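Q: One structure, pasted below without further comment.
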Amino acid sequence: MSAGPPAPLLSVNDLHKTFATGAGRVKALRGVAFDLAAGETLALVGESGSGKTTAARLVLRLTAPDRGSVLFDGIDWLALSARELNRRRREVGVVFQDPATSLDPRLTIAEIVAEPLAIHGIGARSERRFLVAELVASVGLPTSAMARLPRSLSGGQRQRVAIARALATGPRLVVLDEPVSALDVSIRSQILNLLKSLQRGAPSRPAYLFIGHDLSVVRWIADRTAVMYLGRIVEEAPTAALFASPRHPYTALLLASRPREAPGPRSAPLAVPGDPPSPVAPPSGCPFHPRCASAQPVCAQEVPALVAGPAEGGRSVACHAPLGGG
Amino acid sequence: MSGDDAPLLSVRALTIAVPGPSGEEVAAVDGVSFDVESGEIVALVGESGCGKTLTSLALVDLVPPPVRVVSGDVFFAGRDVRMLPPREKERLRGGGIGLVFQEPAAALDPVRTIGWELTTVLERHRGMSRKAARIEAQRWLHRVALPDPERQMHAFPYQLSGGMRQRALLALALAGGPRLLVADEPTAALDVTVQAQVIELLLALRQELSLAVLLVTHDLGVVAEAADRVLVMYAGEIVESAPARELFAHPRHPYTRALLAARPGSEAPDSGRLAALRGAVPEPGRRPSGCAFEPRCDEAFGRCAAARPSLVPTGAGAEAACFLLDAKPGARVL
């Protein structure tokens, strides 16, 4: 019992979630599993309807799955009573895409950052003022920002406030749901630098679950990347390996669809026809088979399992005919 | 201002004022001039608050009051757009100039189907019969890569996803047969594989119909993929204009260099940090009297705070507004 790798901080298993909508029952998650180690960054990427945001919401317990489990630090996160959950929520922070709508417009910046400290009874009242000032400084905001309201700050500054609030309670996991998607390129790099330095510098050395669709951002920030398609993870690998040699045809399509960094001739056409199919009526078998250039008869019949390849350095692929042979 | 060699679109010394912090008018767009030729894709780039969107609205005289065009001219196909009688202005919008703006939810009538909107445009601007218009409408939905066009003809905007609405709007803008498409962040709401399809569509239409496109965006990847020429805007002014390849290979203005360097993937290997621009775009009315970029510029020197540089040719079809270029001629052109 003593040897073996340490248990992951977060372990997600076989998550299923269906939503009833006007258009029918949307199967948002159809058996999602991943692990996240302490201090590590895992990115969930995919297009609209892939289920990446739903997976994050389940981890945050903003909604409950139909089936599956979430273990956080070895405890059954989904079985916690409301009271226990409230006690332990301080260990999980969250930053959403749009700080304009996720911050209470009536509270000052100091009040917004202090709120989680008060809720979780961290520090005496007098101490909290000091803690808040320290947090505000740690995200690169001037002390003068503390007395201001969110609307008087720029988008980038508001996102700094959201990060200070997420880190206030010393979380060991922070869910980052498209945290830089609404920001200009110059501000985006400031916030990405901040997130990385806080992960290294914060006493709690938080793990990040990063939800994103911008592959250049994901490549920069994530240790590992899981690609989602129609409610399933189709490939998961160390980020560098995934970008260097995608094994799932959908991963390859995503990478090939990225705009280039500079103008010049293209070796392959930019676009392939077809949209992600509706999550209301996902295709049979492999969800990607109708768009897949290397699809075989079996692909329409059987859902490929997400399996770890031998000598793949921690890569898993769900494909009957993965790319790159071997 | 007509004749065959005049550019399709010509903007001269355009100045747009917005209400300032204490009520007085301040310039948000300040003396902007540029041309777009037939069949050319020109990107207008810069951070939020640089005046890109106001500039594009002025092209069809749709700047919303109390914002107003103070001075300058916009010529389209040799005609002064601001001087057109109201009926001709209506015909220009959606006819000669197609428009795709952000917020597709707000731009579509919630009680009309996509098919109704499209057939109406085709009847109005292309003089088609109802029947012909319906066939043509479906063809456009297909071209913008909307899945199942026949069914989407009957869809209301709320039944479409954000990305599908964006493509329906693009079909609407193109169906009128414009010679110029003004597209403000046309791919911002789209997934990467769909974005790739939309970029390919614009490139194909340029080829087939000599469609000109003014692409307003802050996504330099889209620019690299689609644009022939790039205009970089900062604080209401064009600070650099260059052929796209030239701009990416040899950016002249420090602001352009900073934008390019801030992209993930451009950082020094193993530095672990992205190049970040400090500070933010100054608001209209709070702009420095010298070069507007001076407070954020790592290469600024004495003269930059004292006077405002104007655009000067820097070779290879490029122009930039920066004192570094005449302080050390050629020095920054790598």
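Here is a yes/no grid of residues against (1) within 22 Å of A:VAL175 (Cα to Cα); (2) more than 14 Å from every other protein chain (Cβ to nearest Cβ); (3) exposed (fewer than 15 other Cβ atoms within 10 Å of the Cβ):
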residue	(1), (2), (3)
A:ILE75	yes, yes, yes
A:SER81	yes, yes, yes
A:PHE96	yes, yes, no
A:LEU103	yes, yes, no
A:VAL113	yes, yes, no
A:GLY123	no, yes, no
A:VAL136	yes, yes, no
A:SER144	no, yes, yes
A:GLN157	yes, no, no
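Q: Pairs please, first residue from the range B:179-205 and under 22 Å from B:THR55 (Cα atoms) and more than 10 Å from chain A (Cβ to nearest Cβ), second anywhere and in a loop (DSSP other than H, G, I, E, B) and of a type in the set (Ser, Thr, Tyr), Cβ atoms under 9 Å, 6+ apart in sequence or on different chains.
A: Pairs found: B:ARG179/B:SER38; B:ARG179/B:SER210; B:LEU180/B:SER38.
Q: Answer yes or no as to whether A:GLY140 is part of a loop (DSSP other than H, G, I, E, B), within 14 Å of another protein chain (Cβ to nearest Cβ) and on the phi > 0 side of the Ramachandran plot.
A: Spelling it out, A:GLY140 is indeed part of a loop (DSSP other than H, G, I, E, B), within 14 Å of another protein chain (Cβ to nearest Cβ) and on the phi > 0 side of the Ramachandran plot.
Q: For the range B:132-141, indicate whether the set of residues that are part of a helix (DSSP H, G or I), within 14 Å of chain A (Cβ to nearest Cβ) and under 30 Å from A:GLY46 (Cβ atoms) is non-empty.
A: yes
Q: Report yes if A:ALA118 is closer than 28 Å to A:GLN190 by Cβ, outside any loop (DSSP other than H, G, I, E, B) and modelled with pLDDT of 90 or more, otherwise no.
A: So A:ALA118 does not fit the description; no.
Q: Going by the structure shown, is A:SER189 within 14 Å of another protein chain (Cβ to nearest Cβ), among the small types (Gly, Ala, Ser) and in contact with a strand residue (DSSP E or B) (Cβ under 8 Å, 6 or more places away or on another chain)?
A: Details: within 14 Å of another protein chain (Cβ to nearest Cβ): yes; among the small types (Gly, Ala, Ser): yes; in contact with a strand residue (DSSP E or B) (Cβ under 8 Å, 6 or more places away or on another chain): no.
When the stated conditions are applied, A:SER189 does not pass them.
Q: Which of the following residues is on the phi > 0 side of the Ramachandran plot and in contact with a helix residue (DSSP H, G or I) (Cβ under 6 Å, 6 or more places away or on another chain): B:GLY163, B:GLY177, B:GLY127?
A: B:GLY177
Q: Under the condition of being in contact (Cβ under 8 Å) with a residue 60 or more places away in the chain and outside any loop (DSSP other than H, G, I, E, B), which residue from the range A:285-318 is farthest from A:LEU36 (Cα to Cα)?
A: Residue satisfying both the conditions and the ranking: A:VAL317.
Q: Additional query: If I filter the range A:213-226 for residues that are at pLDDT below 95 and closer than 19 Å to A:PRO279 by Cα, do I get at least one hit?
A: Yes, the range A:213-226 has at least one match.
Q: Condition first: among the hydroxyl-bearing types (Ser, Thr, Tyr), over 29 Å from B:ARG126 (Cβ atoms) and in contact with a His (Cβ under 9 Å, 6 or more places away or on another chain). Can you find one or more residues in the range B:39-60 that meet it? Spell out how you get there, then give the answer.
A: Of the range B:39-60, the ones among the hydroxyl-bearing types (Ser, Thr, Tyr) are B:48, B:53, B:55-56.
Within this subset, residues satisfying the condition of being over 29 Å from B:ARG126 (Cβ atoms) are B:48.
Next, from what is left, pick out any that are in contact with a His (Cβ under 9 Å, 6 or more places away or on another chain): B:48.
Checked against the condition, which is being among the hydroxyl-bearing types (Ser, Thr, Tyr), over 29 Å from B:ARG126 (Cβ atoms) and in contact with a His (Cβ under 9 Å, 6 or more places away or on another chain), the range B:39-60 yields at least one hit.
Q: Somewhere in the range A:199-207, is a residue closer than 30 Å to B:ALA189 by Cβ and among the basic types (Lys, Arg)?
A: No, the range A:199-207 has no match at all.
Q: Still on this structure, please answer the following. Hey, can you tell me all the residues within the range B:313-325 that are surrounded by fewer than 20 Cβ atoms within 10 Å (Cβ to Cβ) and more than 11 Å from B:SER241 (Cβ to Cβ)?
A: B:GLY315, B:ALA316
Q: For the range B:15-70, give me each residue that is part of a strand (DSSP E or B), of a type in the set (A, V, I, L, M, F, W, C) and surrounded by fewer than 16 Cβ atoms within 10 Å (Cβ to Cβ). Talk me through it step by step, then tell me what you get.
A: Just the residues of the range B:15-70 that are part of a strand (DSSP E or B), to begin with: B:15-19, B:25-36, B:41-45, B:68-70.
Those left that are additionally of a type in the set (A, V, I, L, M, F, W, C): B:16-18, B:26-29, B:32, B:34, B:36, B:41-45, B:69-70.
Residue satisfying the conditions is B:VAL70 alone.
Q: So in the range B:71-81, with the set limited to residues that are surrounded by 14 or more Cβ atoms within 10 Å (Cβ to Cβ) and not β-branched (Val, Ile, Thr), which one is farthest from B:LEU8 (Cα to Cα)?
A: Among those that are surrounded by 14 or more Cβ atoms within 10 Å (Cβ to Cβ) and not β-branched (Val, Ile, Thr), it is B:GLY72.
Q: Let me ask something additional. When residues of the range A:53-79 are filtered for being within 25 Å of A:ASP98 (Cα to Cα), outside any loop (DSSP other than H, G, I, E, B) and in contact with a Leu (Cβ under 8 Å, 6 or more places away or on another chain), how many remain?
A: Total meeting the criteria: 5.
Q: Here's something else I'd like to know. So, restricting to strands (runs of 3 or more DSSP E) that lie completely within the range B:219-334, which ones have at least 1 residues that are within 13 Å of chain A (Cβ to nearest Cβ) and at pLDDT 95 or above?
A: B:229-234, B:237-243
Table: residues versus (1) under 30 Å from A:PRO263 (Cα atoms); (2) among the small types (Gly, Ala, Ser); (3) modelled with pLDDT under 90.
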| site | (1), (2), (3) |
| --- | --- |
| B:GLN138 | no, no, no |
| B:ALA155 | no, yes, no |
| B:GLN159 | no, no, yes |
| B:MET164 | yes, no, yes |
| B:ALA175 | yes, yes, no |
| B:ARG179 | yes, no, no |
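Q: Right, another one. Would you point out the residue of the range B:151-174, among those that are of a type in the set (A, V, I, L, M, F, W, C) and part of a helix (DSSP H, G or I), that is nearest to B:GLY98 (Cα to Cα)?
A: Within the range B:151-174, the match that is nearest to B:GLY98 (Cα to Cα) is B:ALA173.
Q: Here is a further query. If I go through the range B:1-14 residue by residue, how many of them are touching a Phe, Trp or Tyr at 6+ places or on another chain (Cβ under 6 Å) and not in a strand (DSSP E or B)?
A: Result for the range B:1-14: 1.
Q: Here's a follow-up. Out of A:SER216, A:SER257, I need the residue that is within 13 Å of chain B (Cβ to nearest Cβ), of a type in the set (S, T, N, Q) and closer than 26 Å to A:SER284 by Cα. Which one?
A: Residue meeting the stated conditions: A:SER257.
Q: Could you check, for the range A:75-93, whether at least one of its residues is farther than 24 Å from A:HIS213 by Cα and touching a helix residue (DSSP H, G or I) at 6+ places or on another chain (Cβ under 6 Å)?
A: Initial filter on the range A:75-93 (farther than 24 Å from A:HIS213 by Cα): A:75-91.
Now drop any that are not touching a helix residue (DSSP H, G or I) at 6+ places or on another chain (Cβ under 6 Å), which leaves none.
No, because not a single residue in the range A:75-93 is farther than 24 Å from A:HIS213 by Cα and touching a helix residue (DSSP H, G or I) at 6+ places or on another chain (Cβ under 6 Å).
Q: It is to be established whether one or more residues within the range B:148-170 are touching a residue at least 60 places away in the same chain (Cβ under 8 Å) and surrounded by fewer than 17 Cβ atoms within 10 Å (Cβ to Cβ).
A: Checking the range B:148-170: not a single residue is touching a residue at least 60 places away in the same chain (Cβ under 8 Å) and surrounded by fewer than 17 Cβ atoms within 10 Å (Cβ to Cβ).
Q: Take the conditions buried (at least 22 other Cβ atoms within 10 Å of the Cβ) and out of contact with any Phe, Trp or Tyr (no Cβ under 6 Å at 6 or more places or on another chain) and apply them to B:LEU201. Does it pass?
A: Considered against the rule, which asks whether it is buried (at least 22 other Cβ atoms within 10 Å of the Cβ) and out of contact with any Phe, Trp or Tyr (no Cβ under 6 Å at 6 or more places or on another chain), B:LEU201 comes out as no.
The values are calculated or read from the model by the stated rules, or taken from the named source; none is laboratory data. As the structure is a prediction and not an experimental result, all values here were calculated from the model. Here the Cβ is made from the backbone with ideal geometry for all residues, glycine too, and neighbour counts use every protein chain on show.
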